[in-house]
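These notes concern the structure reproduced below.
The values are calculated or read from the model by the stated rules, or taken from the named source; none is laboratory data. Since we're looking at a predicted model, the values are computed, not measured. Positions of Cβ are generated from backbone atoms using ideal geometry, with glycine treated the same way; all protein chains shown enter the neighbour counts. Note: accessible area is taken over every heavy atom of the protein model, side chains too, but ligands, DNA and RNA are not part of it. Shrake-Rupley method; radii C 1.70, N 1.55, O 1.52, S 1.80 Å.
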Amino acid sequence: MSESRVDDAAGKPPLYAHSANRHGERQLLADHLWHVAGLARERASLFGGGDLAYLAGLWHDAGKADPEWQRYLRASEAGTLRRGAGPDHKCAGALLAEAAGADHVGWLIHAHHGGLRDMEDFKAWLAERRVLPGPGKALDAIRSELPGIGGHPAPALPSHVHGDRRSAEFFLRMTYSALVDADSLDAEAHDGGEARSVRGAGPTLAELWRRYEAFLAVQPAAPESPVNRVRREVHEACLRAAVEPPGAFRLTVPTGGGKTRSAMAFALRHGMEHGMRRVVVAVPFTTITQQTAGVYRDIFERGEHDADRVVLEHHSAAAEDAGDGDFPSREALWRRLAAENWDAPIVVTTTVQLFESLFSNRRGKTRKLHNLAGSVIILDEAQALPPRLLAPILDGLRELTAHYGASVVLSTATQPAFDLIKEFRDAAPREIVPRHAAHFEALQRVEYDFSKAEEPNAWAEVAGWMRGKPQALAIVNTKRHALELLDALDDPDALHLSTLLCGAHRAGVIAEIARRLRDREPCRVVSTQVVEAGVDLDFPAVFRSEAPLDAVVQAAGRCNREGKLDGPGRVVVFRPPDDASPPGVYRSGRDIARVARELPGFDPHDAATVRRYFGLLFDLAVDADEKRVQEARKRLDFPAVADRFRMIDDDTCDVIVDYPEADAAKIERLVEQLRSRERPAREVLRELQPHMVSIRRRDYEAWLRERFVEELLPGVGRWPGGYYDTVRGITVEDPEMVY
């Protein structure tokens, strides 16, 4: 084995940070500390955390100078000791920070492997460890090796964190992100594998803009129509607004108004104008993520060279092409590496991934956060953000725009009145399209009919309305209602969309709907809300069960979307036979929408009506910090923040289904890998994600007791063959079990 250097003149062995890599070379501890310090400073300098990150990087592994840790490294390398965490190597660095009067540096060092803890945990840990012999021996050794490692003054913190505990909390998590990314990148570089050649700067925003212009230049001229005129005006308004200073923006565009492409045009021009680094697009559902990523790949990924890896699609259902055998393709490797720290020109993700990372305390999830600084962040379908978590979400967005050089774009046809939430009042979002009211008026492509919402309607009656139309979409509020309407419709060719279908099934149904609509074939669809936001389907008639007003307007976006009908499309809002509805804010929103319909000037086409509705909703029904996340943030209690901030309540379990039939062999192979534990469960579950359905925990546990479901891992089971229907998805005898 070669080493980076031989023992020094005094006979002392060198201090190492990492064992031998694939080239037989160990990494010197001094090299690792200096490299991480420099990388961390570079990543945190954009938001004033450079000095803090530098010292955290310089001292984070000082404890590895402990002779006991060095013996552990050699023994692990020789195979005489099983590799593991080894002796503590964090306390020595924390003591260096304490000597400098830099408690926050010590706290970051304590967190750099185990995740963000609260300050009291750190102090208790330090009091326990400081009396052990190892940290003192490590300090003696590291000071001998690097005489200049101490003596640094405590780093100054940005002025905005003084006196504002939540601002300080956000700053610390962003600086922590810079530290752990730097640490991971230097360890990866030492490994000497292919990762280093795959990583690296992709195309700049300026280059992406040139590709965008080239894409537009070859598009056929759009025929003159109200829809295309609005799309053109929205696009032009986005380009004009791009010169505005960074900050918070609203992009209010009627459904079908071309906001996906226009939002990206704004982001690229705005980013070029202000020296920004990347575009992050977050959407509420994985189906929209896949659709949006596909649109952007068609525009920007022009070849197979490394520089053409532009669009990172990062969410639980994103496919990873493993390549041949155990050797991943460079494309798959790039996707995996870029997903770790969002080092990509365009990131398309889910709002769950974005915000649960933003408020996580885990090293892996937080590693990417520093790359939000200096980025344009587009929140598509912003109305879908969970009301009970709006306070921390909006506070985080305000921090990013006020202190981290980011711009945030709230993009939707139903713009929520977020400025009524106190955490966002100072953000002062600017309208990208000032004349959006005129666009809503111009694109009144539907007529609303609320006459069927006065009294309950039997499913047979709703089914009759649908049978009277060759192409019709009905959207209901629960899965049980969807199945009941499907039964009443009694149409063997009818299609069904809900979360009773696995992801692969839903994607296939959406593709089939689009084909039937395009080919003008009969197409009757019964769906829950999964079809409502961002799915590009165009029906002549939509029947919508009573719902929150924004959901009704979004449903109307699936009707006469392209404006091709001779007259307006028809959106019928009806009251179902019973009052079942998702609980909480959704049910309150439905009831407030009933009240709003009675107010003077009610007009679902009017953005002012939608704003008035949201004002009532936020005032009467929304606790924007229901889980008291903000209180935990103020205490710098990072574990409590992560525990309380859950966009999806953890009351569901997943079952693996046999769909599609063509993938049966692959699904069975992956299930066997879960049973045998031959591969890490996380990897296998990621591949199985398109073939999984989430069900309520109480139902899952009942089926386990009845031995109906085979449990493979806690909360993950195998759905029995024969109980997955090619139309209905998961099937059970009791419809109440699929609420």
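For this structure, a couple of remarks:
- Residue count, the range 627-664 (criterion: without any contact (Cβ under 8 Å) to a residue 24 or more places away in the chain, over 16 Å from ARG388 (Cβ atoms) and either open to solvent by 80 Å² or more (accessible area, probe 1.4 Å) or in contact with a strand residue (DSSP E or B) (Cβ under 6 Å, 6 or more places away or on another chain) (or both)): 2
- Test: ALA624 is touching a residue at least 12 places away in the same chain (Cβ under 8 Å), in a loop (DSSP other than H, G, I, E, B), open to solvent by less than 60 Å² (accessible area, probe 1.4 Å) and touching a Lys or Arg at 6+ places or on another chain (Cβ under 9 Å): yes
- Restricting ALA94, ALA99 to residues that are open to solvent by less than 40 Å² (accessible area, probe 1.4 Å) and closer than 26 Å to LEU15 by Cα narrows the list to ALA94.
- The single residue among LEU172, LEU268 that is over 30 Å from LEU29 (Cβ atoms) and either touching a strand residue (DSSP E or B) at 6+ places or on another chain (Cβ under 7 Å) or surrounded by 19 or more Cβ atoms within 10 Å (Cβ to Cβ) (or both) turns out to be LEU268.
- Looking across the range 240-254, the residues that are of a type outside the set (Gly, Ala, Ser) and open to solvent by less than 60 Å² (accessible area, probe 1.4 Å) come down to PRO246, PHE249, ARG250, LEU251, THR252, VAL253, PRO254.
- Pick from the range 426-436, criterion at negative phi and out of contact with any Lys or Arg (no Cβ under 9 Å at 6 or more places or on another chain), ranking: surrounded by the fewest Cβ atoms within 10 Å (Cβ to Cβ): PRO434
- Pair list, Cβ under 7 Å, 6 or more apart: the range 44-56 residue without any contact (Cβ under 8 Å) to a residue 12 or more places away in the chain, other residue open to solvent by 10 Å² or more (accessible area, probe 1.4 Å) and in a helix (DSSP H, G or I): GLY50/ARG41
- Of all residues in the range 460-479, those satisfying the criterion of being assigned to a helix (DSSP H, G or I), farther than 15 Å from ASP725 by Cβ and either open to solvent by 20 Å² or more (accessible area, probe 1.4 Å) or in contact with a Pro (Cβ under 7 Å, 6 or more places away or on another chain) (or both) are ALA460, GLU461, GLY464, TRP465, ARG467.
- Residue count for the range 271-292, restricted to those that are open to solvent by 10 Å² or more (accessible area, probe 1.4 Å) and within 20 Å of the chain's Cα centre (by Cα): 8
- Output for the range 480-500, where each listed residue is assigned to a helix (DSSP H, G or I), open to solvent by less than 10 Å² (accessible area, probe 1.4 Å) and within 20 Å of PRO582 (Cα to Cα): HIS481, ALA482, LEU485
- Pick from the range 412-428, criterion assigned to a loop (DSSP other than H, G, I, E, B) and in contact with a helix residue (DSSP H, G or I) (Cβ under 7 Å, 6 or more places away or on another chain), ranking: nearest to SER225 (Cα to Cα): ALA413
- Scanning the range 665-694 for residues that are touching a residue at least 60 places away in the same chain (Cβ under 8 Å), in a helix (DSSP H, G or I) and open to solvent by less than 20 Å² (accessible area, probe 1.4 Å) returns a single hit, HIS691.
For every residue, the table says whether it meets (1) among the basic types (Lys, Arg); (2) under 28 Å from SER588 (Cβ atoms).
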| site | (1), (2) |
| --- | --- |
| HIS505 | no, no |
| VAL509 | no, no |
| GLU512 | no, no |
| ARG515 | yes, no |
| ALA533 | no, yes |
| PRO548 | no, yes |
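- Selection count, the range 1-36, where residues are modelled with pLDDT of 90 or more and over 16 Å from LEU73 (Cα atoms): 5
- Failed condition for LEU108, given (1) buried (at least 20 other Cβ atoms within 10 Å of the Cβ); (2) more than 22 Å from ARG362 (Cα to Cα): (2)
- Within the range 109-131, tally of residues that are within 17 Å of ASP61 (Cα to Cα) and not in a loop (DSSP other than H, G, I, E, B): 10
- For the range 711-733, residues that are assigned to a loop (DSSP other than H, G, I, E, B), closer than 17 Å to VAL684 by Cα and open to solvent by less than 70 Å² (accessible area, probe 1.4 Å) total 2.
- Filtered residues of the range 395-419 (kept if over 26 Å from GLY257 (Cα atoms) and of a type in the set (A, V, I, L, M, F, W, C)): LEU400, ALA402
- Tabulated pairs, the range 583-611, first closer than 16 Å to THR478 by Cβ, second surrounded by 19 or more Cβ atoms within 10 Å (Cβ to Cβ) and β-branched (Val, Ile, Thr), C-beta under 7 angstrom, 6+ apart or interchain: VAL585/VAL622
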